[in-house]
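Here the structure is laid out as structure tokens; the discussion comes afterwards.
The values are calculated or read from the model by the stated rules, or taken from the named source; none is laboratory data. From a predicted model like this one, the values you see are computed outputs, not experimental measurements. Glycine gets a Cβ as well: all are built from the backbone with ideal geometry, and neighbour counts include every protein chain shown. Just so you know, the surface numbers come from the protein's heavy atoms only, side chains and all, with ligands and any DNA or RNA stripped out. Shrake-Rupley method; radii C 1.70, N 1.55, O 1.52, S 1.80 Å.
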Amino acid sequence: MNDFDQSFLEFQAAARARQTAEDWLAAFEAALAIRDPARIGALFHEDSHWRDVLAFTWHITPVAGRDAIASRLAAEQAHAGAHGFHLEPTRRAPRQVKRLGIDSIEVIYEFKTADGCGAGIVRLSPDAEGTPRAWLLSTTLQSLDGYEEKIGARRPTGAAYSRNFGGDNWADVRRKASAYEDREPTVLVIGGAQAGLSAAARLNQLGVDTLVVEKWPRIGDSWRKRYHSLALHNSIHLNHLPYMEFPPTWPKYIPKDMLGNWFEFYADAMEINCWTDTEFVSGTWDARERHWIAVLRRGDGSERVVKPRHLVFANGVSSYPMIPDLPGLKDFKGTVIHSEGFDSGAGWEGKNALILGTGSSANDIALDLHSHGVHATLIQRGSTTVVSIDPSARLNEAIWDEGGLLDDCDLIVSSATPPLVLQAYKAVVKRMVEFDKTLIEGLKGIGFKHDIGEDESGHQMKYYRRGGGYNLDAGSSALMIKGEIGLLQFDRIERFTAEGALLKDGSTIPADLIVLATGYYPQKELVVRALGHEMAEKIGPVWGIGPDGELNNMYKRTPQQGVWFIAGGLAQCRINSKYLALQIKAMELGKLGPL
């Protein structure tokens with residue numbers, strides 16, 4: 001077959017895919033218009049999934065099964081008023097793909113609702129008679145009518161301060177806006193890294209007055225202050241922040257200081273109001289006035305009270321360092337630090353170090369210490385999932401690797417319901433285990449306790465469920481297998497002593513340094529300390545998997561009015577900050593009430 005014939009066949013396939021997509025969308029819109037569950041259901045496979053993000057339910061709502069989907073869509077359509085389903089020329093065209101082993105036509109479409117514009121994904125595959133039916137549908141709200149993001153053709157003119165002779169220029173306007181001397185912020189965002197900056201940037205574009213407080217002296221310090229050798233463990237092309245992509249000259253895996261500097265630049269470029277060296281001390285909900293009384297402590301020790309209507313906790317999946325109560329540790333005469341306070345192995349050359357933990361931070365720290373001539377030993381307390389950064393961890397980047405617009409990739413990634421996410425991770429783990437077979441066998445050969453997740457769903461589900469328990473391997477495993485980095489099982493330790501770790505057989509593993517890579521309290525602990533036990537109990541779990549399979553209280557309304565949470569990697573924050581901001585704007589407009 002020559003190139004012309006091949007191109008012609010591809011053209012025909014694309015035309016068929018487009019026609020199939022248009023036919024299905026037209027039938028779907030007609031069925032929705034009359035709110036007929038039977039007609040809606042006829043468009044779906046029996047085993048099908050729908051994930052709605054705000055468009056129909058004003059919530060993050062997964063639904064499984066044809067009948068449940070059809071009845072829920074028919075019911076929600078009464079107020080959603082979804083219509084105008086169409087293929088948008090700027091989006092990726094319908095195409096043949098294989099997802100979860102199913103040959104499908106994957107369609108990106110747009111539509112209107114009573115409140116704004118939406119976009120979604122539908123995947124179609126033939127039934128036994130060859131009729132295309134949907135096995136996946138996603139519907140997401142993208143914008144609110146009249147309050148679209150001020151980007152592109154809607155960008156501000158700058159007339160208020162451009163060539164404003166005798167008046168305030170841009171720098172003056174920014175200083176006054178950030179001071180909050182004449183008003184209260186509508187939203188107080190706690191944390192100035194990827195989560196807080198993404199949320200604030202999105203809120204700014206919707207015209208919601210937002211203040212970010214960051215406990216460190218500079219924006220980006222939450223990354224700069226981490227251990228010396230740290231770099232991101234996933235690729236740059238999926239880690240962009242909203243509205244501004246990283247320069248094309250940047251490395252594939254971004255070093256922590258480069259990322260920290262970018263955050264500082266981003267906050268300035270996106271005109272985000274930030275108070276650095278400022279700690280959120282406490283918050284009390286004023287039910288009568290429907291705002292928070294938030295106490296902030298500045299770097300000079302002074303306190304400022306602000307009264308926002310919304311608190312957005314954006315300080316990570318974890319909160320405070322977890323320091324375990326280990327027998328005899330207080331007797332140790334060397335240095336004990338938590339991994340949060342570890343910088344570099346420089347200055348420890350020729351010394352002995354014990355690192356308690358076998359997650360990513362523990363392994364990176366062991367690798368750093370080893371590179372500085374330190375005799376490093378990892379202490380394993382529990383079974384750990386180990387995944388090579390490349391190629392295995394990169395398998396979870398597959399959608400972004402396909403290329404195309406970042407918004408299209410993000411829409412595809414956010415379309416899957418929890419059962420499909422779990423199924424996809426299980427499939428990927430099988431490939432990871434094959435890629436890492438030699439590595440895993442080598443670790444098991446030295447007594448390393450290895451697992452691939454409680455249901456063979458791998459490290460990513462561990463992250464969602466507990467925020468740890470895995471190592472994205474940067475090379476420490478090979479050194480352990482060679483014996484250049486030591487491995488000690490925690491259950492062999494009787495207690496710690498002045499000299500190191502006394503084992504149950506009577507021998508001692510000497511140490512000059514003990515690093516506690518023991519993780520952090522869950523984010524709920526921060527809520528307890530800042531808002532009190534009663535409020536924390538009312539809100540419930542933060543992060544971890546909820547009864548519906550989605551993350552607990554993340555990116556959506558919580559049981560307490562005016563409390564929001566956003567956390568995760570850069571891609572998660574970029575994607576979900578849009579939906580969090582839309583909900584807050586809708587509440588400010590009176591379109592959305594508390595749960």
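Of the residues 31, 114, 21, which is open to solvent by less than 10 Å² (accessible area, probe 1.4 Å) and either in contact with a Gly (Cβ under 9 Å, 6 or more places away or on another chain) or of a type in the set (D, E, K, R) (or both)? Talk me through it step by step, then tell me what you get.
Numbers: 114 fails: open to solvent by less than 10 Å² (accessible area, probe 1.4 Å); 21 fails: either in contact with a Gly (Cβ under 9 Å, 6 or more places away or on another chain) or of a type in the set (D, E, K, R) (or both).
Sole residue among the options that is open to solvent by less than 10 Å² (accessible area, probe 1.4 Å) and either in contact with a Gly (Cβ under 9 Å, 6 or more places away or on another chain) or of a type in the set (D, E, K, R) (or both): 31.
The rows are residues; the columns are (1) closer than 26 Å to residue 281 by Cβ; (2) basic (Lys, Arg); (3) assigned to a helix (DSSP H, G or I); (4) in contact (Cβ under 8 Å) with a residue 40 or more places away in the chain.
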position	(1), (2), (3), (4)
320	yes, no, no, yes
343	no, no, no, yes
347	no, no, no, no
354	no, no, no, yes
361	no, no, yes, yes
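Which one of these does residue 15 not meet: (1) touching a helix residue (DSSP H, G or I) at 6+ places or on another chain (Cβ under 8 Å); (2) open to solvent by 20 Å² or more (accessible area, probe 1.4 Å); (3) not hydroxyl-bearing (Ser, Thr, Tyr)?
For residue 15, the failing item is (1).
Within region 501-514, does at least one residue satisfy the condition of being open to solvent by less than 20 Å² (accessible area, probe 1.4 Å) and touching a Ser or Thr at 6+ places or on another chain (Cβ under 6 Å)? Lay out the reasoning, then the answer.
First, the residues of region 501-514 that are open to solvent by less than 20 Å² (accessible area, probe 1.4 Å): 501, 503, 511, 513-514.
Within this subset, residues satisfying the condition of being touching a Ser or Thr at 6+ places or on another chain (Cβ under 6 Å) are 513.
Checked region 501-514: at least one residue is open to solvent by less than 20 Å² (accessible area, probe 1.4 Å) and touching a Ser or Thr at 6+ places or on another chain (Cβ under 6 Å).
I'd like to verify a number: residues in region 394-443 that are of a type in the set (Gly, Ala, Ser) and at pLDDT 95 or above, how many? Quick ask: steps written out before the conclusion?
Restricting attention to region 394-443, the residues satisfying the condition of being of a type in the set (Gly, Ala, Ser) are 398, 403-404, 414-416, 424, 427, 442.
Okay, now just the ones that are also at pLDDT 95 or above, so 414-416, 424, 427, 442.
The number of residues fulfilling the criteria is 6.
Kindly indicate whether residue 454 is open to solvent by 80 Å² or more (accessible area, probe 1.4 Å), among the acidic types (Asp, Glu) and either under 17 Å from residue 364 (Cβ atoms) or in contact with a strand residue (DSSP E or B) (Cβ under 6 Å, 6 or more places away or on another chain) (or both).
Numbers: open to solvent by 80 Å² or more (accessible area, probe 1.4 Å): yes; among the acidic types (Asp, Glu): yes; either under 17 Å from residue 364 (Cβ atoms) or in contact with a strand residue (DSSP E or B) (Cβ under 6 Å, 6 or more places away or on another chain) (or both): no.
In short, no.
Just one of (1) outside any loop (DSSP other than H, G, I, E, B); (2) within 30 Å of residue 271 (Cα to Cα); (3) out of contact with any Phe, Trp or Tyr (no Cβ under 7 Å at 6 or more places or on another chain) trips up residue 118, so point out which.
(3)
Let's see how each residue does on (1) touching a Ser or Thr at 6+ places or on another chain (Cβ under 9 Å); (2) among the polar types (S, T, N, Q):
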| site | (1), (2) |
| --- | --- |
| 379 | yes, no |
| 386 | yes, no |
| 405 | yes, no |
| 414 | yes, yes |
| 429 | yes, no |
| 438 | no, yes |
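Mind checking which helices (runs of 4 or more DSSP H) fall wholly inside region 139-246 and carry at least 3 residues that are small (Gly, Ala, Ser)? Step through it out loud before you land on a result.
On the way: elements: 170-179, 194-205, 221-224.
Hits in region 139-246: 170-179, 194-205.
Here's a check for you: in region 386-414, which residue that is among the aliphatic types (A, V, I, L, M) and either open to solvent by 50 Å² or more (accessible area, probe 1.4 Å) or closer than 25 Å to residue 93 by Cβ (or both) is nearest to the chain's Cα centre (by Cα)? Before you say what the answer is, go through the steps one by one.
First, the residues of region 386-414 that are among the aliphatic types (A, V, I, L, M): 386-387, 389, 393, 395, 398-399, 405-406, 411-413.
Filter again for either open to solvent by 50 Å² or more (accessible area, probe 1.4 Å) or closer than 25 Å to residue 93 by Cβ (or both), leaving 398-399, 405-406, 411-413.
Working: 398: 16, 399: 16, 405: 19, 406: 16, 411: 14, 412: 15, 413: 12 Å.
Only one residue tops the list, namely 413.
Please verify whether region 277-298 includes one or more residues that are at pLDDT 95 or above, open to solvent by less than 40 Å² (accessible area, probe 1.4 Å) and within 20 Å of the chain's Cα centre (by Cα).
no
Which residue pairs have Cβ atoms under 8 Å apart, sit 6 or more places apart or on different chains, and have a first residue in region 517-539 that is part of a helix (DSSP H, G or I) and a second that is at pLDDT below 90 and among the aliphatic types (A, V, I, L, M)?
523/317
Restricting attention to region 329-359, and to residues there that are surrounded by fewer than 24 Cβ atoms within 10 Å (Cβ to Cβ) and hydroxyl-bearing (Ser, Thr, Tyr), which single residue is modelled with the highest pLDDT?
335
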